Amino acid sequence: MPFTVLNSRMVEARIEPGRRMFSQRGAMLAYRGEVSFTPNIQGGQGGIGSMIGRRIAGEATPLMTIEVPQGRDDQSGARTATVMFGHGGHHVEVIDLTGETLYVEADRLLAFDGSLEQGTMFMGSQGGVMGMVRGQVTGQGLFTTTLKGHGSAAVMAHGGVIQLPITPQRPVHVDPQAYVAHRGEVRNRLSTALGWRDMVGRGSGEAFQLELSGQGTVYVQASEEKL
């Protein structure tokens with residue numbers, strides 16, 4: 001795992017020769033060793049096609065490529081470095097992937113392993129028309145970012161994160177504003193609970209719920225506030 005959790009708002013990554021990481025621009029807090037930070041214009045491991053797709057979708061958060069420069073050794077002869085990440089005092093959750101796909105908003109991605117392939121998914125692909133409605137209700141828009149493969153990602157949230165397992169026998173219902181990300185073979189749909197009390201302003205205020213079913217995990221933050 002490339003990330004070490006320093007506290008609830010900061011993580012540290014060890015950068016080794018031949019490996020690279022990507023992070024949001026401005027997410028680096030400090031580093032030790034010889035490190036190069038290069039603006040990334042190709043969109044991570046997804047390449048130029050992935051970059052174009054995310055720009056069209058509005059998911060093109062600027063990234064930095066982080067690497068150890070070739071031929072730079074420290075006093076022990078090992079070309080390694082450590083970089084500390086954090087942003088805005090937000091809670092940071094590290095998610096380890098072992099071949100699954102992570103679905104998350106681009107602006108929640110603090111940093112991620114360069115081995116992960118980044119892409120973009122149309123919200124309607126995981127919920128039809130209601131998937132698109134969900135994107136508008138939550139403020140996510142019509143597209144979301146995907147990370148696929150073996151590696152780790154550091155994701156930002158408000159007030160801490162809880163992981164809830166999703167099984168075919170037990171779907172999970174989440175307030176759309178508290179949703180952070182999910183992974184695995186999961187389908188989602190937006191359900192409504194509008195009744196006459198909601199129409200006259202006497203309802204609970206929880207008019208929409210995000211239902212996730214299948215096999216995987218959903219990450220929920222302790223707040224209904226967007227980043």
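Any read-out appearing in this document is the output of simple, stated calculations on the displayed coordinates, not a laboratory observation. Being a predicted model, the structure only gives us computed values, none of them experimental. So basically every Cβ, Gly included, is an ideal-geometry build from the backbone, and we count neighbours across all protein chains shown.
Full extension of the segment from ARG32 to GLU117, taken as 0.36 nm per residue of separation minus the current Cα-Cα distance, would add 27.9 nm. What the phi angles of region 166-175 give under the Karplus curve with 6.51, -1.76 and 1.60, with θ = phi - 60°, is a coupling list of 10, 10, x, 7, 9, x, 10, 10, 10, 5 Hz, glycine and proline written as x.
Amide H contacts of THR80: ASP74, each under 5 Å away and 5 or more positions distant or on a separate chain (H built 1.01 Å from N in the peptide plane; Pro and chain starts excluded). Provide the gained length on full extension for the span GLU225 to THR98, in nm with one decimal, where the gain is 0.36 nm per separating residue minus the Cα-Cα distance. Stretched out fully, the GLU225 to THR98 stretch lengthens by 42.8 nm.
Stretched out fully, how many nm does the piece from HIS173 to ASP107 gain, at 0.36 nm a residue minus the Cα gap? Walk me through the intermediate numbers first.
Working: separation 66, 0.36 × 66 = 23.76 nm, distance 2.32 nm.
Result for the pair: 21.4 nm of gain on full extension.
Ranked by the mean number of other Cβ atoms within 10 Å of their residues, highest first, the peptides 213-223, 180-190, 166-176 come out as 180-190, 213-223, 166-176.
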